[in-house]
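Report on the following structure.
Nothing in this text is a laboratory measurement; each read-out follows from the coordinates by a stated rule. If you're wondering where the values come from, they're calculated on a predicted model, not measured in any experiment. Neighbour counts are summed over all protein chains in view; Cβ atoms, including those assigned to glycine, are modelled from backbone coordinates with ideal geometry.
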Amino acid sequence: METDRRGLLGGAMLGAAMFAPGAQAAQSGDMAKIAAAVGQGHDEAIARLREWIALPSIAAENRDMDKGAALMVRLAKEAGFQQAVTMPTDGAPGVFATMNNGAAKTLGLYFMYDVKQFDASEWTSPPLEGRIIDKPGLGRALVGRGAINQKGPQSAVLAALIAFKRSGVRLPVNLVLVAEGEEEIGSPHFMQVVQRPEVLAALKKCSGVIIPSMWQDPTSGDIAINLGAKGMIELELVASAEKWDRGPTRDIHSSMKAIIDAPAWRLVQALQTLVTPDGNTPAIDGWFEKVRPLTAREKALIAESARSRSSADELRQAGVKKWIGDTSWQETLERLAAMPTVNIEGLVGGYTGPGGKTILPAKMTAKIDMRLVPNQTAEDCIAKLRAHLAKRGFADVAVNVSGGYDPTETAEESGLIKAERATYERAGIKTTLYPRLAGSWPGYIFTGPPVSLPAGQFGLGHGNGAHAPDEYLLIESSNPKVLGYDAATVGFADFLYQIAATG
């Protein structure tokens, strides 16, 4: 792997200069030592990330889950966790690790070792190689499945911990790590990990929990701090003769459509009832009855966010020309935060190869995900979906739920959010507060009882393409407003000092 050593080391020392003022507990000499260790360990850190990417633990395919958990345990021990063990569940194993540094405060870390599926033919760079390429306008980036979601940001946290260890600087906080291998299918068994007595007792000592991120805007370098995240449900809707007394039990010749019902059209008709005719608003009975409208404070935060974010830039990054409804930018961002969604991920069944096959498929499946907002719950929404279909005569359409969880919220006056803002501002990065991430992570397990902690995302640096081909993580930044991998790693170290100093 070719690397620009001068640029990388320069980035690390830039990080030291930026973060040296730090929280009062962070001595400038220690931060300089940590930054130097980060730069010296750069190649090793990238090799570690590439090894992680090369092992694609994919829960949806039940692929290498035990291996993924074992590697997570090894990485935690290498980073200095004194205890790291797998936690069996009814699904893929979780991982629990602790690091006691004799500190007054403890921070929780949430990791995931699973990634989304991939089709290598859609990538311009092999998805399991972690190849470093030039990205015009950004710099040098590592491409691979998991690069930004979530192995890249997590690897930077591990690199920061290793830098502490090698520089002989004691961490200012204790750490509790909980990791799972089923986030990408809705975390169906993660609660079993957290509810273990030893895990729950350790989390109760934490002042908050973070999931690492690297979400600097690639142009401005700005960061939006999310005060929560939408919940989600992942499921399949299946139409077949199994529960329907119509349609074929096996694929048959399409000429028989004249006299035989089609599961494919059955599914299409059921799907049409779930949303308004334009497909943009859920129409499931009672779907909005528990939805909490945006508060005045949330609307004010969104207005501030709209002033600092560019609609044109975000349209370009998303690869689309228009937002739903052609509304104002502020109204668009309000919808992003407040609107629950019903999305078709894919339609599966029949023949989709070259030419035609003239069959009447016996089974059709719709892959669905739903995003939930406060005060919706996954349990209530699943029940509403089943009742909605049954009321309209579609009780035969199977609802197979694979996972899901509730929305999460954290108060802006919490110590965790204060520490995030202070660390970003010290780095010269402009921040805005946003009510909630439009995506999802199982943060409700931490913010809800019995854990009841503030939880959110933190991280510097940049990456993009989660769940998509050519997912990437920026390693060397050509934009001085956006940090590269080494400086972002130093930023995680500074954040630990800030957590220790924040009341």
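Here are a few things to note about the model shown:
- Take the Cβ atoms of Ile260 and Gln195, set R0 to 45 Å, and the FRET efficiency comes out at 0.35.
- DSSP bridge pairs, segment 103-196: antiparallel proportion in percent, nearest 5: 40 percent
- Where N is the number of residues in segment 374-503, Cα Rg divided by 2.2 N^0.38 Å: 1.42
- P(r) of segment 36-146 over all Cα-Cα pairs, binned every 10 Å from zero, in whole percent: 12, 35, 34, 16, 2, 0
- Rg over Rh [alpha-carbon atoms, Kirkwood Rh] for segment 123-263: 1.15
- When the alpha carbon gyration tensor of segment 41-103 is reduced to an equivalent ellipsoid, the three semi-axes, largest first, read 22, 19, 6 Å.
- Taking other Cβ atoms within 10 Å as a rough exposure proxy, Lys116, Lys67 sort from fewest to most as Lys67, Lys116.
- Pairwise Cα inverse-distance average, inverted: Kirkwood Rh of segment 427-503 (Å): 15.1 Å
- Seen from Gln330, the other residues with C-beta closer than 9 Å to its C-beta sum to a net charge of 0, counting Lys and Arg as +1 and Asp and Glu as -1.
- Overall form of segment 262-381 per C-alpha gyration tensor (a/c, 1.5; a/b vs b/c): oblate
- Exposure proxy ranking for Tyr472, Tyr485, based on other Cβ atoms within 10 angstrom of each Cβ and starting from the fewest, stands as Tyr472, Tyr485.
- Proximal charge balance of Ile58 [Cβ under 10 Å; K/R count +1, D/E count -1]: -1
- Gyration tensor (Cα) of segment 321-451, equivalent ellipsoid semi-axes in angstrom: 38, 21, 15
- Rounded to whole Å, the principal axis extents of the Cα atoms in segment 186-317 read 63, 48, 33, largest first.
- Within the chain, DSSP assigns beta bridges of which about 75% are antiparallel (rounded to the nearest 5).
- Put in order of Cβ neighbour count within 10 Å, fewest first, the listed residues Arg292, Arg140, Arg131 become Arg292, Arg131, Arg140.
- Share of Cα-Cα pairs in segment 68-118 lying beyond 12 Å, as whole percent: 68 percent
- The residues neighbouring Arg316, those whose beta-carbon lies less than 15 Å from its own, together hold a net charge of +1 under the Lys/Arg +1, Asp/Glu -1 convention.
- When you work out D = kT/(6 pi eta Rh) for segment 164-244 at 20 °C and 1.002 mPa s, using the Kirkwood radius from C-alpha pairs as Rh and the Stokes-Einstein form, the result is 123 µm²/s.
- Taking a ≥ b ≥ c as the square roots of the eigenvalues of the Cα gyration tensor, an a/c ratio of 1.5 or more together with a/b larger than b/c marks segment 208-254 as prolate.
- R0 of 56 Å, Cβ-Cβ distance Asp245-Ala312: FRET efficiency to nearest 0.05: 0.55
- Globularity ratio of the chain, using Cα Rg and 2.2 N^0.38 Å: 1.01
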